[in-house]
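The values are calculated or read from the model by the stated rules, or taken from the named source; none is laboratory data. Please read all numbers here as calculations on a predicted model, not as lab measurements. We place every Cβ from the backbone using ideal geometry, glycine too, and count neighbours over all the protein chains shown.
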Amino acid sequence: MRSIGEMARDSGLGVSALRFYDRAGVLVPAWVDPASGYRWYAPEQLDEARLLVRLRRAGMPLADIRLVLAGWSGADTDLVRRLLQAHLRRLERGLDEARGEFSTLRALLDHRENPMTASPRTGTVRLSLPASALAAALDAVRFAAGKDPELPMLGGVLFDVEGDGLHVVATDRYRMAVARTDAVGHGGSREHVVVPAPLVDAMRALLADDGPARLAVEGDRVTLEAGERQASGQRLAHDFPDYRRLVQLPPGRRVVVDVPAFQRALESGPVRPAEEREPGRSARDVSVLATVADGTVTVCGDDDGDVDVDVDVDVDRSVDRVGVDRGFLLDALAAAGRDRLVLEFGAAPTAPLAIRRTDDEDTFSLLMPVRLDD
C-alpha cells in the first residue's frame with residue numbers, strides 16, 4: 001500500500017489533487033484509516049493515477065475519466081478506445097472552431113487603427129533624473145522582462161514618460177513589475193519607448209554614481225548619458241500592452257511580512273509541481289500561500305509542517321490558498337529591496353498576488369497565480 005504522499009510523489013499528482021479526485025469519486029483510495037482519515041492506495045492504483053495525469057493533460061472531462069478508469073481496471077479496452085476517440089474528435093472540432101475565431105479576430109485587428117505602429121517613430125524625448133533613482137527603478141522591474149521570441153514586444157522595459165514622471169514597466173505575462181520616479185525636462189505629451197533588455201542592462205551599468213542621468217529618444221534611437229559615459233541603441237519597434245489596465249485591481253487583503261524571514265520560509269518550505277505546464281516552459285516549483293485569522297501568512301504543505309511567517313496586521317478571517325511560482329516570488333522579493341513588504345492577496349485564488357513596498361505605492365510587482373488543482 002502507498003501513503004498519499006508516496007502516491008503523489010510516484011504519480012505526479014499533488015496531494016491536494018488526490019484528495020480532490022477522491023471526493024469526486026474518480027480515484028478513490030483503497031483504504032482510509034478510520035481513526036486518522038489518512039488515505040492509502042493499492043499498488044495497482046499507481047497506473048490509474050498516472051493514466052489520470054495524462055487524461056487531464058489532454059483536457060478530458062472528469063465524467064469521461066471516471067469511465068476510462070473503470071474500463072482500464074476492468075480490462076474493457078473497447079470502451080477505453082471509444083472514449084479516447086470521442087474525446088480526440090471533440091478536441092479536433094474545438095481546434096477548428098478556435099482557428100475560425102482567431103481568424104476573425106485577426107481580421108478585426110487588421111481593420112483597427114493603430115497610429116503608434118503605423119506612423120514613423122520620429123518623436124523626440126529629453127529628460128533628466130537622478131542616476132540613483134533610475135537605477136533603483138530599473139532594479140525593481142528588470143527581473144520581469146520577457147524572453148519569449150514569439151512576443152518580442154515584451155523583451156524589454158517600457159519607458160513611459162508623462163508630465164514630471166517616468167514609469168518603467170516589464171512583464172513576461174506571468175509577472176509584471178512597475179516603478180515610478182520623478183523626472184524633469186519633458187514638456188510634451190505622453191511618450192512610450194520600449195528599450196530592449198540588453199540596452200537596459202548597459203544603461204544600468206552606467207548608473208553607479210549619484211549624479212544626474214540624461215535620457216534622450218530621437219526617432220528610433222535611445223541614449224542615456226551619465227557623467228561622461230553613454231549607452232545608446234535602437235528602441236524596439238513594437239508597442240507595449242497598456243499596463244495601466246492590467247494593474248487596476250480591486251483592493252485585497254494586505255499583510256506586512258518580514259522579508260528575510262519570509263524568504264527563508266519559502267526556500268526551506270514545502271513546494272509542489274505545477275498541475276499544468278505552459279508550452280515551452282520548464283517545470284516549476286509552486287509555493288502555496290494563505291493568510292489566516294491569527295495574523296500570519298503561511299507557506300502551506302501537503303499535510304502537516306506548514307511554515308508560518310509573522311505579520312504585524314490583524315486579520316479576521318481565512319482566505320483560499322493561492323499558488324505562485326516560488327522562483328518568481330523570490331525574484332520579486334529581492335528586486336523590491338526592502339526588509340518589510342506588503343503582500344496583497346486578491347479576493348479569489350485566481351487573482352494576482354501583489355508585492356508592494358510599505359513606503360512607495362508606485363513601485364510594485366504582480367504575480368499571476370498557478371492553478372493548484374481542478
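Quick rundown of the values:
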| item | result |
| --- | --- |
| Filtered residue count, the stretch 1-35, keeping only those that are of a type in the set (Ser, Thr, Tyr) and at pLDDT below 90 | 1 |
| Members of the stretch 146-186 found to be of a type in the set (Val, Ile, Thr) and in contact with a Lys or Arg (Cβ under 9 Å, 6 or more places away or on another chain), listed by number | Val157, Val161, Val168 |
| Those residues of the stretch 192-219 which are under 31 Å from the mean Cα position of the chain (by Cα), modelled with pLDDT under 90 and surrounded by fewer than 18 Cβ atoms within 10 Å (Cβ to Cβ), in sequence order | Ala208 |
| Positions within the stretch 221-243 being outside any strand (DSSP E or B), of a type outside the set (A, V, I, L, M) and modelled with pLDDT of 90 or more, in sequence order | Arg235 |
| Breaking point among (1) surrounded by fewer than 18 Cβ atoms within 10 Å (Cβ to Cβ); (2) modelled with pLDDT under 85; (3) more than 25 Å from Gly14 (Cβ to Cβ), for Val256 | (2) |
| Failed condition for Arg254, given (1) more than 19 Å from Ala170 (Cα to Cα); (2) not in a strand (DSSP E or B) | (2) |
| Residue pairs meeting the criteria (Cβ under 6 Å; at least 6 apart or on separate chains; first modelled with pLDDT of 95 or more, in the stretch 155-171; second of a type in the set (Ser, Thr, Tyr)) | Val169/Tyr243 |
| So Arg121, is it among the basic types (Lys, Arg) and at pLDDT below 90 | yes |
| Scope the stretch 120-149; condition part of a loop (DSSP other than H, G, I, E, B) and either among the basic types (Lys, Arg) or over 21 Å from the mean Cα position of the chain (by Cα) (or both); matching residues | Pro120, Arg121, Thr122, Gly123, Lys147 |
| Count - residues of the stretch 54-67 that are outside any loop (DSSP other than H, G, I, E, B) and surrounded by 13 or more Cβ atoms within 10 Å (Cβ to Cβ) | 7 |
| Which listed residue is of a type in the set (A, V, I, L, M, F, W, C), assigned to a loop (DSSP other than H, G, I, E, B) and either in the same structural domain as Val286 (by TED's automatic domain parsing) or free of Cβ contacts under 8 Å to residues at least 40 places away in the same chain (or both), from Ala70, Ala35, Ala98 | Ala35 |
| All positions within the stretch 225-237 that are surrounded by 15 or more Cβ atoms within 10 Å (Cβ to Cβ) and in contact (Cβ under 8 Å) with a residue 24 or more places away in the chain | Ala226, Ala231, Gly233, Arg235, Leu236 |
| Which listed residue is small (Gly, Ala, Ser) and touching a Leu at 6+ places or on another chain (Cβ under 9 Å), from Gly211, Gly187, Gly252 | Gly252 |
| Asp303, sole failed condition from (1) modelled with pLDDT under 90; (2) touching a Gly at 6+ places or on another chain (Cβ under 6 Å) | (2) |
| Given (1) more than 29 Å from the chain's Cα centre (by Cα); (2) surrounded by fewer than 16 Cβ atoms within 10 Å (Cβ to Cβ); (3) modelled with pLDDT of 90 or more; (4) not acidic (Asp, Glu), number of the condition Trp40 does not satisfy | (2) |
| Some residue of the stretch 200-215 being of a type in the set (Val, Ile, Thr) and either closer than 18 Å to Ser132 by Cβ or touching a Phe, Trp or Tyr at 6+ places or on another chain (Cβ under 9 Å) (or both) | yes |
| Options Arg281, Arg277, Arg317; residue that is within 16 Å of Ala144 (Cβ to Cβ), assigned to a loop (DSSP other than H, G, I, E, B) and modelled with pLDDT under 90 | Arg281 |
| Count of residues meeting criterion [outside any loop (DSSP other than H, G, I, E, B), acidic (Asp, Glu) and surrounded by fewer than 16 Cβ atoms within 10 Å (Cβ to Cβ)] in the stretch 150-190 | 2 |
